[in-house]
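The structure under discussion appears below in the form of structure tokens.
The values are calculated or read from the model by the stated rules, or taken from the named source; none is laboratory data. Small disclaimer: the values here were computed from a predicted structure and weren't measured. All Cβ positions, glycine included, derive from the backbone under ideal geometry; neighbour counts span all protein chains shown.
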């Protein structure tokens, strides 16, 4: 179970005092009992509903008392026992920082998730001015492992609960920068991210729809209306054309190729539906 491994790696951290809070979003398995049995000192909050990642983190933050808030996905492991100490030391040396991410490594996908220097579709914007003259070199970092100075997190009221699972990391990074803080990345601290644990067994359509809802929620929230209409309308046309082409292709293929084409159709249909919701 990913959460148990995550907690274990946190408890192995040295030279830091931890208050571990787990928010369970109405899970249907026996994970709550397993956590309670394995780690009775961990504060466990059971939500009656699954209201998403952003709200769960905000709930945890209301119970936290530390100077720093660490938001982690349950499928994160910190293998360096001094990882959190190093991150806290970094923030102490950089009071301008609003959030810090370690170097997130995803062995299952054979990749590192590097910090981004631009926001979605930023280079195509024409009327949006909210991204001008922001502090720091990084735009946003992955939400799988983020360390915040507690006052900064609370100043901007934490994660936006308009996001269910995806997009909240990009959003909070932008709002921190708009509040005058920087987004930082510490390359010498490595954490392992299994990636996708919360989506195991979910239908392709639902997974894609959640991702694109977050993506387009960010665009709708932060970009000028004229940019939103222009960009999303164009993307909707592209999706429609791709769906039509892929449906024709599916009629002419078979076996594994046909299955891959059908999956591409589903992913594009999910994106189309997310765009329609945003518009």
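Of all the criteria given as (1) under 25 Å from the mean Cα position of the chain (by Cα); (2) assigned to a helix (DSSP H, G or I); (3) touching a residue at least 24 places away in the same chain (Cβ under 8 Å), the one not satisfied by residue 188 is (2). Any residue that is touching a strand residue (DSSP E or B) at 6+ places or on another chain (Cβ under 7 Å), in the same structural domain as residue 65 (by TED's automatic domain parsing) and within 14 Å of residue 119 (Cα to Cα) - is there at least one of those in segment 179-186? For segment 179-186, residues touching a strand residue (DSSP E or B) at 6+ places or on another chain (Cβ under 7 Å), in the same structural domain as residue 65 (by TED's automatic domain parsing) and within 14 Å of residue 119 (Cα to Cα): present. Screening segment 194-279 for helices (runs of 4 or more DSSP H) wholly inside it with 3 or more residues that are farther than 30 Å from residue 174 by Cβ returns the ranges 225-251, 255-278.
Here residue 142 passes the criteria (1) under 23 Å from residue 3 (Cβ atoms); (2) at pLDDT below 95 except the one numbered (2). Residue-level check: of (1) crowded, with 18+ Cβ neighbours inside 10 Å; (2) under 17 Å from the mean Cα position of the chain (by Cα); (3) not in a strand (DSSP E or B), residue 87 misses just (2).
Residues that are at pLDDT below 95, at least 1 per element: which strands (runs of 3 or more DSSP E) completely within segment 1-82 meet that? Spell out the reasoning first.
On the way: elements: 21-25, 43-47, 68-72.
Ranges flagged: 21-25, 43-47.
Can you say whether residue 29 is more than 18 Å from residue 69 (Cβ to Cβ), in the same structural domain as residue 80 (by TED's automatic domain parsing) and surrounded by 16 or more Cβ atoms within 10 Å (Cβ to Cβ), as far as the supplied structure shows? Judged against the criteria, residue 29 is not a match. Of the strands (runs of 3 or more DSSP E) lying entirely inside segment 93-173, those containing at least 3 residues that are in contact with a strand residue (DSSP E or B) (Cβ under 6 Å, 6 or more places away or on another chain) and in contact (Cβ under 8 Å) with a residue 60 or more places away in the chain span 97-106, 145-149. One residue stands out among those in segment 246-266 that are within 32 Å of the chain's Cα centre (by Cα) and more than 17 Å from residue 205 (Cβ to Cβ): the one that is surrounded by the fewest Cβ atoms within 10 Å (Cβ to Cβ), which is 256. For residue 202, are the conditions met, namely being under 18 Å from the mean Cα position of the chain (by Cα), farther than 30 Å from residue 80 by Cβ, surrounded by fewer than 17 Cβ atoms within 10 Å (Cβ to Cβ) and free of Cβ contacts under 8 Å to residues at least 60 places away in the same chain? Judged against the criteria, residue 202 is a match.
Residue 19 - would you say it is in contact with a helix residue (DSSP H, G or I) (Cβ under 8 Å, 6 or more places away or on another chain) and either buried (at least 16 other Cβ atoms within 10 Å of the Cβ) or assigned by TED's automatic domain parsing to the domain that holds residue 171 (or both)? Steps first, answer last, please.
Numbers: in contact with a helix residue (DSSP H, G or I) (Cβ under 8 Å, 6 or more places away or on another chain): no; either buried (at least 16 other Cβ atoms within 10 Å of the Cβ) or assigned by TED's automatic domain parsing to the domain that holds residue 171 (or both): yes.
No: the conditions fail for residue 19.
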